[in-house]
1. Within the range 89-118, can you find the residues that are of a type in the set (Val, Ile, Thr) and under 20 Å from VAL157 (Cα atoms)?
2. Only one of (1) among the aliphatic types (A, V, I, L, M); (2) more than 14 Å from the ligand (Cβ to nearest atom); (3) within 15 Å of HIS119 (Cα to Cα) is not met by LEU20, so which one is it?
3. For the range 116-154, give me each residue that is free of Cβ contacts under 8 Å to residues at least 60 places away in the same chain, crowded, with 19+ Cβ neighbours inside 10 Å and among the polar types (S, T, N, Q).
4. Search the range 68-99 for residues being more than 16 Å from the ligand (Cβ to nearest atom) and part of a helix (DSSP H, G or I), and hand back the single one that is nearest to ASP38 (Cα to Cα).
5. Which residues, taken from the range 23-58, are out of contact with any Ser or Thr (no Cβ under 7 Å at 6 or more places or on another chain) and part of a loop (DSSP other than H, G, I, E, B)?
6. Which of the residues that make up the range 23-47 are more than 14 Å from the ligand (Cβ to nearest atom) and touching a strand residue (DSSP E or B) at 6+ places or on another chain (Cβ under 8 Å)?
7. Pairs needed: first member in the range 32-43, at pLDDT 95 or above; second member anywhere, among the small types (Gly, Ala, Ser) and near the ligand (Cβ under 7 Å from one of its atoms); C-beta distance under 7 Å; at least 6 residues apart or different chains.
8. Do any residues in the range 2-25 that are on the phi > 0 side of the Ramachandran plot and touching a residue at least 12 places away in the same chain (Cβ under 8 Å) have Cβ atoms under 8 Å from those of residues that are among the charged types (D, E, K, R) and within 13 Å of the ligand (Cβ to nearest atom), where the two are at least six apart or on different chains, and which pairs are they?
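The values are calculated or read from the model by the stated rules, or taken from the named source; none is laboratory data. It should be emphasised that the depicted structure is a prediction, and the values quoted were computed from it without experimental measurement. We place every Cβ from the backbone using ideal geometry, glycine too, and count neighbours over all the protein chains shown.
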Amino acid sequence: MRIGHGYDVHRLTEGRRLVLGGVEIPFEKGLLGHSDADVLVHAVMDALLGAAGLGDIGGLFPDTDLAFAGISSLTLLDQVMDRLGAAGFRVGNVDATLLAQRPKLAPHIPQMRAKLAAHLGVDPARVNVKATTEEGLGFTGTGEGIAAHSVCLLEEV
Ligand code: MG
């Protein structure tokens, strides 16, 4: 078993789509970033890469590379999974927490789990997503941004 942790933050801004866990969520703002800025998938990818000892997404998918402009983060996750497979790992489980004051994310979590599980190649029961506010405190509490934490276990195949 190998354990990994990932953390990511993106700024909320007008004129962008809000995509979390591959699910587009209706909201007046979206996350700013080079890709679709899916902060949840980014945290999950960094947890996976961390567990495998393969670095991080900043090294793998640099934001100076035009190939990744506007790309779906689920496509990047597929590339991470290819690397994990080549290194002899499969996913044991993934857990993640989104930190956002608004919008209400609970109704979208089942769909996020299903999408993540499909791309991770595991049953949705092995993928958990939670969401919390931070009681109005800090940059997530004021709605300046959304953060995500993730942990995972990888199994050697
Ligand atoms: Mg990111």
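1. Result: VAL91, VAL94.
2. Here LEU20 meets the rest and fails (2).
3. Once the filter is applied, which keeps residues that are free of Cβ contacts under 8 Å to residues at least 60 places away in the same chain, crowded, with 19+ Cβ neighbours inside 10 Å and among the polar types (S, T, N, Q), the range 116-154 yields only THR140.
4. Taking the candidates together, the pick is ASP78.
5. If the condition is that a residue be out of contact with any Ser or Thr (no Cβ under 7 Å at 6 or more places or on another chain) and part of a loop (DSSP other than H, G, I, E, B), then ILE25, PRO26, PHE27, GLU28, GLY33, HIS34, ALA37, GLY53, LEU54, GLY55, ASP56 are the ones that fit.
6. Selection gives ILE25, LYS29.
7. none
8. Going by the 8 Å Cβ cut-off, the qualifying pairs are GLY21/ASP38; GLY22/ASP38.
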